[in-house]
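Here, each number is a calculation from the coordinates, and none is a lab measurement. The shown structure was predicted, so the numbers you read here are calculated from the model rather than taken from an experiment. Glycine also receives a Cβ, built like all others from the backbone with ideal geometry; neighbour counts cover every protein chain displayed.
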Amino acid sequence: MTSQTMTAAAAGTWTLGDLEINRIGFGAMRLTQIGEAFADDAVPSDRGRAIGVLRRAVELGVNHIDTAAFYFSPLRSANELISRALAPYPEDLVITTKVGPGRDPSGAWIAHATARELRGQVEENLRQLGRDHLDVVNLRVVGSDSIAERFGALAELREAGLIRHLGISNVTPEHLEEARAIAPVVCVQNMYGIGVRPEHDALLRTCGELGIAFVPFYSIAGDRRQAGGAGAAGAEAEEVRAVARAHGASPAQVRLAWTLQRGAHVLAIPGTGNPDHLEANVAAGAMRLTAQDLAALDALHGRGA
């Protein structure tokens with residue numbers, strides 16, 4: 001499918017709390033390096049090209065950018081690139097970030113932040129982005145332990161005005177219930193896509209019933225996430241290729257379109273450092289799969305393929 005005149009508005013809109021965004025957004029993780037995310041041998045990206053991709057995304061109507069202070073590689077920081085490319089920020093731009101994990105200056109992962117340490121992570125994002133508050137902060141979770149103390153700490157920062165809205169990432173239904181008892185949750189960000197974590201179907205539906213955005217990550221590449229972008233390489237299921245041929249689209253565009261058609265509350269945050277892939281990803285928001293397409297792809301998803 002052509003991407004020449006497509007903008008992010010074609011995907012429709014959703015409201016995160018009181019912030020209206022187009023459902024096709026942009027994930028900043030891949031801006032900082034070329035190669036597998038966070039790999040020691042990855043090559044820092046070209047700074048000018050990364051800045052150009054961010055500016056082009058906004059030109060195409062993208063007004064939801066997902067980032068984190070721990071998205072960095074040697075010489076590059078996603079937050080710094082966003083600030084350099086887009087500040088002063090457009091009034092309708094919503095920047096979502098994550099806290100919880102951390103990395104030392106060498107890039108090595110460190111223990112997840114305690115409730116007390118989360119304020120420092122929030123302040124680090126504020127400083128890097130040049131903001132006086134953060135639009136949305138997701139608590140990134142690893143494991144099934146209680147999140148009450150940590151989410152409660154973020155709720156206090158929300159009350160203090162440093163955070164506008166809260167979300168959670170990489171979570172279970174129990175985590176969502178626990179968080180909602182403490183403060184409003186505007187989004188849940190989990191790995192999800194065709195054949196990827198079909199056990200999250202129920203959580204996706206629950207979010208829709210509650211008016212909470214469900215934001216899949218790795219929806220294009222799934223467990224082949226190292227490939228990334230609209231040109232994700234590797235073996236592709238015949239069902240996906242057949243739908244792509246029928247629409248004159250790429251398999252990556254089919255995967256994005258399927259994700260968006262899971263519900264009006266489902267958002268997409270595909271990331272890339274390639275301007276051509278960016279335009280293809282945005283164009284996928286205008287793609288409408290037929291009932292026959294969906295039946296074939298849903299069956300593939302149900303098999304966990």
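Would you mind classifying segment 1-148 by shape? Square roots of the alpha carbon gyration tensor eigenvalues, ordered a ≥ b ≥ c; an a/c under 1.5 is rounded, otherwise it is prolate if a/b is larger than b/c and oblate if not. Oblate, because a/c is 1.5 or more while a/b does not exceed b/c. Of the residues Val43, Val122, Val99, the one that moves most in a GNM of the chain with alpha-carbon contacts below 10 Å is Val43. For the chain, the longest principal axis of the C-alpha atoms and the axis of helix 291-302 are separated by about 60°.
By how many nm would the segment from Arg84 to Glu20 grow when fully extended, if each residue of separation counts as 0.36 nm and the alpha-carbon distance is taken off?
Numbers: separation 64, 0.36 × 64 = 23.04 nm, distance 2.37 nm.
Result: 20.7 nm gained on full extension.
For the residues Asp276, Asp145, Asp293, a GNM of the chain with alpha-carbon springs under 10 Å puts the largest fluctuation on Asp145.
Cβ neighbours within 10 Å, averaged per peptide: list 55-64, 86-95 in order, most packed at the top.
Working: 55-64: 20.0, 86-95: 14.5.
Highest-to-lowest ranking by the protection proxy: 55-64, 86-95.
Helix 251-260 and the long axis of the chain differ in direction by around 60°, with both axes built from C-alpha atoms. Compared with the direct C-alpha span, the chain from Arg127 to Asp276 gains 50.5 nm at full extension, assuming 0.36 nm per residue.
Between Asp201 and Val43, the modelled labels are 4.2 nm apart [label points 7 Å from Cα along Cα→Cβ]. Between Ala85, Ala244, Ala295, the residue with the greatest mean-square fluctuation in the GNM of the chain (Cα pairs under 10 Å linked by springs) is Ala295.
Which value in deg cm²/dmol, rounded to the nearest 500, describes the helix-derived mean residue ellipticity at 222 nm for the chain, given -39,500 (n - 2.57) per DSSP H run of n ≥ 4 and division by the residue count?
On the way: 10 runs with 108 residues, N = 305.
After summing the helix terms and dividing by the residues of the chain, the value is -10500 deg cm²/dmol.
Scanning residues 5 or more positions from Met191 or on other chains, those with amide H under 5 Å from its amide H are Asn170, Phe217, with H placed 1.01 Å from N in the peptide plane.
After finding the eigenvalues of the alpha carbon gyration tensor for the chain, what semi-axes result from the square roots of 5 times each, listed largest first in whole Å?
Sorted largest first and rounded, they come to 28, 23, 18 Å.
Restricting the count to DSSP beta bridges whose residues both fall in segment 21-302, what percent are antiparallel, rounded to a multiple of 5?
20 percent
For a label point 7 angstrom out from the Cα of Ala160 toward its Cβ, which stretches of segment 89-121 have the backbone nitrogen within less than 11 Å? Label zone hits: 116-121.
When Ile163, Ile51 are sorted by how many other C-beta atoms sit within 10 angstrom of their C-beta, beginning with the fewest, the order is Ile51, Ile163.
Run the numbers for Thr13 and Arg103: contour at 0.36 nm per residue of separation, minus the present Cα-Cα distance, in nm.
On the way: separation 90, 0.36 × 90 = 32.40 nm, distance 3.38 nm.
Roughly 29.0 nm would be gained on extension.
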